[in-house]
1. Could you grab me the full set of residues in region 31-58 that are surrounded by 12 or more Cβ atoms within 10 Å (Cβ to Cβ) and of a type outside the set (A, V, I, L, M, F, W, C)?
2. Among the residues of region 1-39, which ones are modelled with pLDDT under 80 and among the polar types (S, T, N, Q)?
3. I need the full set of residues from region 59-93 which are buried (at least 17 other Cβ atoms within 10 Å of the Cβ), closer than 20 Å to LEU3 by Cα and at pLDDT 70 or above, in order please.
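The values are calculated or read from the model by the stated rules, or taken from the named source; none is laboratory data. Computed from a predicted model, the values in this text were never measured in an experiment. Positions of Cβ are backbone-derived with ideal geometry, glycine not excepted, and every protein chain shown enters the neighbour counts.
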Amino acid sequence: MRLAEEYDAAQERGEVARLGANQHREEGVAASNTLGLRRDEIHEARRLRDAERADPGVIERTVNGMVERGEEPTRGRSMAGAGPPPHARHRAA
C-alpha cells in the first residue's frame, strides 16, 4: 500500500511518468519499468490501498481468517479480500 502512495505522489510531483506519457515523456522523468516496477505491481498496491481505505483492516481480517481455517495466506487469496478488481465492479453496475 505504501508503494501506491509513494508512486502516486511521485507522479504528482512529475518525477515518474503518468500513463500514456511514453510517447511524450520529458527528459529526466522515470517510467515504472526503469524503476524496476511492473504496472501490475503498482495496480495491485493501489487495489490494496483502496480496499483498506474503504474498509480499514479488511486485509488483516482476511489473512487472519485464512490462518484460523488452516489455509496458507497467499497473496492471491489475500487479494480476494480486497474485493473484485475495479474493472469488474464497473461491469456489475
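1. Within region 31-58, SER32, GLU41, HIS43, GLU44, ARG46, ARG47, ARG49, ASP50, GLU52, ASP55 meet the criteria.
2. The first filter runs over region 1-39 and keeps only residues modelled with pLDDT under 80, leaving 19-28.
Once the filter is applied, which keeps residues that are modelled with pLDDT under 80 and among the polar types (S, T, N, Q), region 1-39 yields ASN22, GLN23.
3. If the condition is that a residue be buried (at least 17 other Cβ atoms within 10 Å of the Cβ), closer than 20 Å to LEU3 by Cα and at pLDDT 70 or above, then ILE59 is the only one that fits.
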